[in-house]
C-alpha cells in the first residue's frame, strides 16, 4: 500500500488545500452525497470539474465508466491532474478505476463518506465494476495517493448504512483476537455510533497492515474475504446491501466451517453471536432461505475460485486465525442449504 491514510475531523482542512492546488482537478461523487454536502463541494472544489453519478450498485458498470472517462477527456485533464472520489464504496471503486485508466494512471484521492467505505473499501486500492451479473469482475489494483477519513460524514448516515458498515467491521473480529474480544464484549451495543466510531481507526489499521504485506492478494490479503464468497452470492440473488450480505455470508460460512470441523465450535458460537447481533439491528435485510440454493449458483462465478468446480471461502478457524475452505460446487450448495435450515 503506497498511499497515506489520514483519519480525523481536521484531516480535510489539513490536506485538501494542498492537494487541490496547482493542477486541474476532477471530482466524482453521487447524487446523494452531492445533495447532502453542497457547502463541502463549494469550499474545497470551487472551479473543479464535478461529475455526479447515479447512486447505487447497479450503476457500477461499463456505461457509467464510459460516461465518467468521456467527461474526464472533455475536461482536458492531464497526467498531472488529480481525481477525488467523494462517496461510498461505489464511488470509490469507480473513481479509483477511472484514475487508473485515464492516461494510464493519474493521481487519486479517496474521501469515503460511509462507514463501510471508511473502514474497508477506500483502503487497499481495489477498484472494479460489475459485468454480466458478476460482482467486481473487471478492475485493477490501484493505490490512492491519499485516503482522507472524516468521521463527521457519518453523522448523516441512515440506520441501514450503519448496519452495512458493521458487516465489514465484524469481519475484522474473525481476523484479530483483540478486536474479537472488543466486539464480543460490546455485541449488545452495536447500534451505538460512538462504538462504531471507536472501531474505525482499528479497522483501518488492521486492513492497511494486511495490504502493506500483501497488496495483490497472493496470500494473507485473502483473509479480508471472510464472508464474502457467500456474501456476494447473496447480494446478487437477493439485492441486499453489501454489508448486510457479508453478515449473512459470515453467518452461513461460519456454520459450514463448524460443520466440517474447520472452525472451533466454542469460538464459532461466539463469533456467530456477534454476527447475529449485527443482523438483528433494524432494518433487517431479508433473504429467502428456501431459495438459498439458487444463490449458491452465483458463487461459481466468484473470482476467488481457482477453477469452475470448487468454491473457495476464507473462513474463521479459531480466535485470531482464519483459513481457506474449498468445497466442490455441489457440496457447497448442500452445505449452504443445510446451514440455512439451522436458523
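Please work out how much length the chain gains when fully extended from residue 205 to residue 140, using 0.36 nm per residue of separation minus the C-alpha to C-alpha distance, in nm with one decimal.
21.2 nm
Kindly express, to the nearest 10 degrees and within the range 0 to 90, the angle between helix 228-238's C-alpha long axis and the longest C-alpha principal axis of the chain.
Orientation of helix 228-238: about 80 degrees from the principal axis.
How far, in nm, would the chain grow between residue 276 and residue 309 when pulled straight, counting 0.36 nm per residue and subtracting the alpha carbon separation?
Value of the extension gain: 8.8 nm.
Order the peptides 330-340, 33-43 from the highest to the lowest mean number of other Cβ atoms within 10 Å of their residues.
330-340, 33-43
For the chain, take the longest principal axis of its alpha carbons; what is the angle in degrees between that and the long axis of helix 329-341, to the nearest 10 within 0 to 90?
Relative to the chain, helix 329-341 is tipped by roughly 80 degrees.
Place a point 7 Å from Cα of residue 321 in the direction of its Cβ. Which residues in region 143-181 have their backbone N less than 13 Å from it?
177, by backbone N distance to the label point.
Need one number for region 199-343: average projected area of the convex hull over its C-alpha atoms, nm².
8.5 nm²
Between residue 132 and residue 14, take the C-beta separation as r, use R0 = 51 Å, and let me know the FRET efficiency to the nearest 0.05.
Rounded to the nearest 0.05, the efficiency is 0.75.
Please give the helix 193-213 orientation as an angle from the longest Cα principal axis of the chain, in degrees from 0 to 90, rounded to the nearest 10.
Roughly 90 degrees, rounded to the nearest 10.
Just from the alpha-carbon atoms, what are the Rg and Dmax of region 137-279 in angstroms?
When restricted to the Cα atoms of region 137-279, Rg and Dmax are 15.2, 43 Å.
Stretched out fully, how many nm does the piece from residue 291 to residue 330 gain, at 0.36 nm a residue minus the Cα gap?
Extra length from residue 291 to residue 330 when fully extended: 12.5 nm.
Suppose R0 equals 45 Å; then what is the FRET efficiency for residue 63 and residue 178 from their Cβ-Cβ distance, rounded to the nearest 0.05?
0.55
Would you kindly give the portion of the calculated P(r) for region 1-124 that falls above 20 Å, as a percent of all Cα pairs?
Here the long-distance tail beyond 20 Å is 38 percent of all Cα pairs in region 1-124.
So for each of 49-60, 164-175 I average, over its residues, the number of other beta carbons within 10 Å; can you give me the resulting order with the highest mean first?
The densest-packed peptide leads the list: 164-175, 49-60.
Using only Cα atoms, what is the ratio of the radius of gyration of region 14-80 to 2.2 N^0.38 Å?
1.18
What FRET efficiency would be calculated for the residue pair residue 300, residue 189, taking the C-beta separation as r and a Förster radius of 35 Å, to the nearest 0.05?
Efficiency, rounded to the nearest 0.05: 0.35.
Throughout, read-outs are computed from the coordinates displayed, never taken from laboratory work. On a predicted model such as this, the values are computed, not experimentally measured, just so you know. Virtual Cβ from ideal backbone geometry, glycine too; neighbours counted across all protein chains shown.
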